[in-house]
Amino acid sequence: MRFRDLGLQYEKLNTKIDASIKEVLESSTFILGKQVGELEIKLAEYVGRKYCVTCANGTDALQLALMILGVGPGDAVFTSDFTYFASAGTSSILGATPVFVDIDLDTFNISPEALEAAIKRTLEEGKLTPKAIIPVDLFGQPADYNKILPIAKKYGLKVLEDGAQGFGGNIEGKKACSFGDLATTSFFPAKPLGCYGDGGAVFTDDDEVAERLKSLRAQGKSPTDKYDNREIGMNSRLDTLQAAILLPKLEAFIEYELDAVNKVAASYTERLKDKYVTPKILEGFYSSWAQYTILVKNEEKRKILMYKLKENGIPSMIYYPRGLHSQKAYEWMKLSDKYYPNTSEASKRVLSLPMHPYLTEEDICSVTDVLLN
Ligand SMILES: *Cc1c(COP(=O)(O)O)cnc(C)c1O
């Protein structure tokens, strides 16, 4: 069994994907070909934003969005302590300081209460200027924007939704990547909507921001003259080939994959709920199940379970083994585990199981049988 089976997906979609790739090869327009523009229109329409500007990966998408927000030295950018490194590293690259916030243990997403406390603490300390919040839609479930957006408003902070794992989720029908001032996603192969390499996108409703993003992804070029650069930008575009691969994949994602992963999740939960802490999806929230993550009793028990799964040919993963506050790169901040009780607890107890739309009931049973025996 594979953790995320892209091979099975390709078996199902290969005719369409092959044709789409061939079209690009024949056109020889490898950079910003027509498929990129087509995809951007479809993605924007799907998430319910006015614009989508694609780029080279989800990390660049965050960096481009932070450049739009004007984040730099002296600024505090609040993000979840329990996430992939890029949610914080991109602030640091721009000279700003990430401020890590503890999570809610039941959703693994940033805790709105801890967020407000962190903002207050930063204001009291007076060393950094609170500038933006990057809530992360972890494991496919949108962060709690109903609570986060009012906090952002109260303190005059911008909100950048890191929807790298959240694409496809929603809150009462309002889709992930449509929350906050700007949102980003990733098309890394293992994400809910993945391509066959690296890819990412920024979403905005603002005409000028969309135009500036298009310039920033191409060295800050002027819209009318490629060799007249109006500001410092990046070289970060989505390849035409990746856009061509994503077009049929997006169709499948919308038509049945999203529904299929939700069925897989429901089936896992039904079988595991009496023995493990299964993922909690908040009332009115819908997850795209980037990961299906349970909480086991302790670190020791987790080690045994992972070994048992492996013996049965079943891969499992730990997302994430440590909070950002305890990463080597942020050692200088001298942040103790005691400020992050929930991420510290989660990092010892989380276990992510195989998750993708092509898992059969039989596959699910073979995983849960190991976990229940
Ligand atoms: C994967 C991921 C990113 C980065 O995306 P890449 O395309 O790998 O650069 C950012 N944030 C989160 C939460 C992610 O899971």
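Points worth noting:
- Shape annotation for segment 256-372: C-alpha extents along the principal axes are 47, 36, 25 Å, from largest to smallest.
- Under 5 Å between amide hydrogens, built in the peptide plane, is the criterion, and for Val99 it picks out Val77, Phe78, Thr79 among residues at least 5 positions away or on other chains.
- Fully extending the segment from Asn298 to Glu124, taken as 0.36 nm per residue of separation minus the present Cα-Cα distance, adds 59.0 nm.
- Using a simple spin-label model with pseudo-atoms 7 Å out from Cα toward Cβ, Glu270 and Ala117 lie 3.9 nm apart.
- Within the chain, longest stretch free of exposed GluC sites (Glu not before Pro) [DSSP loop, at most 13 other beta carbons within 10 Å]: 1-171
- Over segment 47-137, the pair-distance histogram of Cα-Cα distances with 5 Å bins from zero comes to 3, 14, 23, 22, 19, 13, 5, 1 percent, rounded to whole numbers.
- About its Cα centre, the dipole of the chain is roughly 760 debye, where the only charges are +1 on Lys and Arg Cβ and -1 on Asp and Glu Cβ.
- Using θ = phi - 60° and Karplus 6.51 cos²θ - 1.76 cosθ + 1.60, couplings along segment 9-18 (whole Hz; Gly, Pro as x): 5, 5, 4, 6, 10, 4, 4, 5, 5, 4
- In Å, descending, principal axis extents of the Cα set of the chain: 66, 59, 36
- Two-site FRET efficiency, Lys22 against Glu211, from Cβ-Cβ distance with R₀ of 22 Å, rounded to 0.05: 0.10
- Mean-position separation - Cα centroids, segment 280-356 and segment 65-122, in angstrom: 19 Å
- Pairs with C-alpha atoms separated by more than 22 Å, drawn from the list Lys34/Lys214; Lys154/Lys328; Lys22/Lys249; Lys127/Lys158; Lys273/Lys297, are Lys154/Lys328.
- Carbon/sulfur fraction of accessible area - the chain, other protein chains in place, 1.4 Å, %: 52 percent
- Taking 0.36 nm per residue of separation and subtracting the current Cα-Cα distance, fully stretching the chain between Ser336 and Glu38 would add 102.6 nm.
- Along segment 310-326 the Karplus relation, 6.51 cos²θ - 1.76 cosθ + 1.60 evaluated at θ = phi - 60°, assigns HN-Hα couplings of 4, 4, 9, x, 10, x, 9, 9, 10, 10, 10, x, 8, x, 4, 4, 10 Hz to successive residues, with x for each Gly and Pro.
- Rounded accessible area per residue of the chain, 1.4 Å, Å²: 44 Å²
- Its DSSP H runs of at least 4 residues, each contributing -39,500 (n - 2.57), put the calculated 222 nm mean residue ellipticity of the chain at -13000 deg cm²/dmol, to the nearest 500.
- Neighbour-limited loop hits for trypsin sites (Lys or Arg not before Pro), segment 88-196 (at most 15 other Cβ within 10 Å; DSSP other than H, G, I, E, B): Lys127
- Each of Trp289, Tyr276, Met355 was scored by the projection of its Cα onto the charge dipole of segment 256-372, and the greatest displacement toward the positive side belongs to Tyr276; charges sit on the C-beta of Lys, Arg, Asp and Glu.
- Positive dipole terminus of the chain, leading residue within Val71, Leu182, Tyr145 (C-beta point charges): Val71
- Under a 5 Å amide H cut-off, with hydrogens placed 1.01 Å from N, Val277 pairs with Leu295 among residues at least 5 apart or on other chains.
- For the chain, leaving out every one of the chymotrypsin sites (Phe, Trp or Tyr not before Pro) that falls in a DSSP loop and has at most 12 other Cβ atoms within 10 Å, the longest unbroken run is 31-226.
- Segment 326-363 residues near the modelled Asp259 label - backbone nitrogen below 18 Å, point 7 Å along Cα→Cβ: 356-361
- Candidates Thr343, Leu305, Val370 compared by Cα position along the dipole of segment 256-372: farthest toward the positive end lies Thr343, with charges placed on Cβ.
- Spacing of the modelled spin labels on Glu362 and Asn229, each 7 Å from Cα toward Cβ, amounts to 5.7 nm.
The values are calculated or read from the model by the stated rules, or taken from the named source; none is laboratory data. What you see is a predicted model, and the numbers here were worked out from it, not measured in a lab. As a convention, Cβ positions derive from the backbone with ideal geometry for all residues, glycine included, and neighbour counts pool all protein chains shown. To get the accessible areas, we keep the full protein, side chains included, count just its heavy atoms, and leave off ligands, DNA and RNA. Shrake-Rupley method; radii C 1.70, N 1.55, O 1.52, S 1.80 Å.
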